[in-house]
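Novice: Sending over a structure as structure tokens; questions will come in a sec.
The values are calculated or read from the model by the stated rules, or taken from the named source; none is laboratory data. These numbers were taken from a predicted model, which means no experiment stands behind them. Cβ: placed from backbone, ideal geometry, glycine included. Neighbour counts: every protein chain shown. Keep in mind that these areas ignore ligands, DNA and RNA; they rest on the heavy atoms of the full protein, side chains included. Shrake-Rupley method; radii C 1.70, N 1.55, O 1.52, S 1.80 Å.
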Amino acid sequence: AAPFKAGIEFESSMARVKALSGATNEEFKRLNSTARQLGASTTFSASEVGQGMQYLAMAGFKANETIKAMPDLLNLASAGQTDLAMTSNIASDILSGFGLKAKDMGNVSDILAKTFTTANTDLAKLGETMKYVGPVARKAGMSLEEASAMAGLLGNVGIKGSQAGTTLRKMLLSLAAPSSGAS
């Protein structure tokens, strides 16, 4: 029964990928093949790969962009010891928040991994931080590298997640429109 259930979960996951992505039949065959191949060659199951693909489809990734991004996300999920769906959701949200393109997912994954492996934070908290600061940092001309480094430094002193994001956002907004005393 277990293999049968796994097959049903995979087919269900991939049906959702097809619906969300609007992939053509040929594109869907490539997505399906990629999910199966990654599921067979990594610690993640094909169903988990499909769940990760769903979040990329929701973020507007095209089929070829999803296929290209998945290995980077698998590495990020492994480094962060997080499930692939959550990792895809966090990384694609950060990508969008900073106005980056799908082709930048490898770089985004590397930056996030470097931050949470060298600072006292984790991927979930980093995602929460970036949710608050990302769009403001983008408008202020701050790069993802700079925002991640600042989030890591705040994490090292116990300021993490939404608290770090709110702190960084307030700092950037204060710099953009300083009070008369600060001016």
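Novice: Setting aside same-chain residues fewer than 8 positions from K101, which aspartates and glutamates have a Cα under 17 Å from its Cα?
Specialist: Once the sequence-local aspartates and glutamates are set aside, what remains near K101 is E65, D72, D93, D110, E145.
Novice: Here's a follow-up. With n ≥ 4 as the cut-off for DSSP H runs, can you work out [θ] at 222 nm for the chain, using -39500 (n - 2.57) per run divided by the number of residues, rounded to the nearest 500?
Specialist: Per the formula, -26000 deg cm²/dmol.
Novice: Same structure, new question: Fully extended, how many nm does the chain gain between T118 and D93 (0.36 nm per residue separation, minus their Cα-Cα distance)?
Specialist: Extra length available between T118 and D93 comes to 6.8 nm.
Novice: Given a cut-off of 20 Å, name the pairs among K62/K125; K62/K103; K139/K170; K68/K125; K18/K62 whose C-alpha atoms lie farther apart than that in the structure shown.
Specialist: Distance filter (> 20 Å) returns K62/K125; K68/K125.
Novice: Now for a different question. For the chain, what is the accessible area per residue in Å², given a 1.4 Å probe and the full set of protein chains? Before the final figure, lay out each step's value.
Specialist: Numbers: 9470 Å² over 183 residues.
For the chain, the solvent-accessible area averages 52 Å² per residue.
Novice: Ok, one more. Under a Cβ-only charge scheme (Lys and Arg +1, Asp and Glu -1), can you give me the dipole magnitude of the range 1-144 about the Cα centre, in debye to the nearest 20?
Specialist: The calculation lands at about 300 debye.
Novice: Can you list the HN-Hα couplings for the range 92-103, worked out from phi with the Karplus curve (6.51, -1.76, 1.60; θ = phi - 60°), rounded to whole Hz and with x for Gly and Pro?
Specialist: 3J(HN,Hα) across the range 92-103, in whole Hz: 6, 5, 5, 3, 5, x, 9, x, 8, 9, 3, 5.
Novice: Another question, then. So if I place +1 on the C-beta of Lys and Arg and -1 on the C-beta of Asp and Glu, and nothing else carries charge, what would the dipole magnitude of the range 87-183 be about its Cα centre? I want it in debye, nearest 20. Display every interim value, and only then the final one.
Specialist: Values: 10 positive and 7 negative charges, 44 e Å.
So the magnitude is around 220 debye.
Novice: Helix 144-156 sits at what angle to the longest principal axis of the chain, using alpha carbons and giving 0 to 90 degrees rounded to 10?
Specialist: 70
Novice: How do I90, I159 rank by accessible surface area computed with a 1.4 Å probe, from largest to smallest?
Specialist: Numbers: I90 20, I159 45 Å².
The ordering from most to least exposed comes out as I159, I90.
Novice: Hey, if you put +1 on the Cβ of every Lys and Arg and -1 on every Asp and Glu Cβ in the chain, which of A91, A102, G134 ends up farthest toward the positive end of that dipole?
Specialist: Ranked along the dipole, the leading option is G134.
Novice: Compute the separation of the alpha-carbon centres of the range 46-98 and the range 143-183 and state it in Å as a whole number.
Specialist: Cα centroid of the range 46-98 versus Cα centroid of the range 143-183: 26 Å apart.
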